[in-house]
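Encoded as C-alpha cells, the structure appears first; notes follow it.
What follows is calculated from the coordinates using simple rules that are stated; it is not laboratory data. Just so we're clear, the structure is a prediction, and the values are computed from it rather than from any experiment. Because the Cβ atoms are built from the backbone with ideal geometry, glycine has one as well, and the counts that use them run over all protein chains shown.
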Amino acid sequence: MRAGGCFVRPLPLDRTCSAAARRFFREAVAGLGLPGDMVHDGVTMASELAANTLHAQANVEYSGNKQRAVSGIPEFWLYLRGCGTRSEVVCKVFDSEPGWAVDAQAQPGKAPLEQVGGRGLQVVAALSAGQWGGHPSRGRLGAWKVPGKAVWFALRIPPGAEAARYGRPELGPEQAVDELEAMLTERGLGGRMVRVDEPTGDLSVLSISRHLTVWRHGKTLSWRAHAGDYQQMYVADLVDIAEQIICAHEEAALADPVIV
C-alpha cells in the first residue's frame, strides 16, 4: 500500500468471513497511524460487507474433487487513493455475483440495499458518512478473474496521520501506462487490448474494446464511462484508475455482452 499497491486477501466461504475481514482490515492499516475510532469504524464496516458474501457464492467454482475453490472466491481489498488532505483509505469486498442491473448502479449512499445485503449496509452508509457504494468489477485472485461486483466504503485520512504524508512512487508517464496495461491484463482484459504510443512520448492510447479506450496525455489518464461521462485522473492513483476502467468495461458487458 505504501508503494501504491492493493492489499488483497481471500475471504472464507463460511461464517468466519466477517471475523477474517476485521482481521484483514487491522492488518492492512497497521502502521498507517490512523486514529483508533477510525480503525474501529473501518473494522465494523468491513465486517458488514464481508457478511454479505455468504449470500453470494453461487458462482464459486471448485477443483474436480470439490475440495478447493479455484475462482469466484469472495475477496477483501484495501488501498490508498488521493494525497495530502484528500487522502483516503478505500476498502472493497468483491464477490462473483453482479447483484444488480447495470442501470441501477450504486452511487455513494444510494446502493440498492435490498439487493446487496439489507440492514448491514445501512450501518456502512452511516459510518462512512455516505462515502460508499458498489460497482461491477472483476476478481483479483483465483485461476481466472471472474466478473462480479465490489461493494466499498472510503474513509478520509486525517491530515496529521502518517498515511497522509506518504509519497507514492512518481512514475514516468510511459511507465504508468506500462503498469496500467499490466494491471488490466492481470484482471483478464488483455485479450483484445491494443496499445499505441506516439513517438514524441506525449500521448499513449490503450484500446480495450471497441467501446472503451484510455488516453494518456502527459501525467493524466482519461476515458469515457459507460454512461457517457469522461473521467480523468492523475497517474499516481493507478489502483483506483484500473478499478474504474474495469467497472466501465463490465458495465458495457452487462448492457450488451456482444460489444466486448
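Quick notes
- In summary, the helical segments of the chain meeting the span-like criteria, namely a full DSSP H run, a Cα extent along the axis of 20 angstrom or more and a mean Kyte-Doolittle hydropathy of at least -0.5, are 36-51, 238-255.
- Rounded to the nearest 20 debye, the dipole magnitude of the chain is 540 debye, with +1 charges on Lys and Arg beta carbons, -1 on Asp and Glu beta carbons, and the Cα centre as origin.
- The 3J(HN,Hα) values that the Karplus relation (6.51, -1.76, 1.60; θ = phi - 60°) gives for segment 227-235 are, in residue order, 6, x, 7, 8, 10, 9, 9, 6, 5 Hz. Gly and Pro appear as x.
- Estimated at 0.36 nm per residue, the fully extended path between GLN232 and VAL196 surpasses their Cα-Cα distance by 11.1 nm.
- Highest mean first, the peptides 44-53, 123-132 sorted by other C-beta atoms within 10 Å per residue fall in the order 44-53, 123-132.
- Cα-based shape type of the chain, given that a ≥ b ≥ c are square roots of the gyration tensor eigenvalues and the cut on a/c is 1.5: oblate
- Top of TYR234, TYR62, TYR79 by mean-square fluctuation, Gaussian network on the chain, Cα under 10 Å: TYR62
- As computed over segment 145-224, the Cα convex hull volume per residue (Å³): 142 Å³
- When the charge dipole of the chain is built from unit charges on Cβ atoms (+1 for Lys and Arg, -1 for Asp and Glu) and taken about the Cα centre, the candidate among ALA164, GLN244, ASN59 whose Cα reaches farthest toward its positive end is ASN59.
- Sorted by Cβ density within 10 Å, fewest first, the residues THR185, THR200: THR200, THR185
- In this structure, the amide hydrogen of SER137, modeled 1.01 Å from its nitrogen in the peptide plane, lies closer than 5 angstrom to those of GLY148, LYS149, ALA150, counting only residues at least 5 positions away or on a different chain.
- For the chain, the relative contact order works out to 17 percent when only alpha carbon pairs closer than 8 Å and six or more residues apart are counted.
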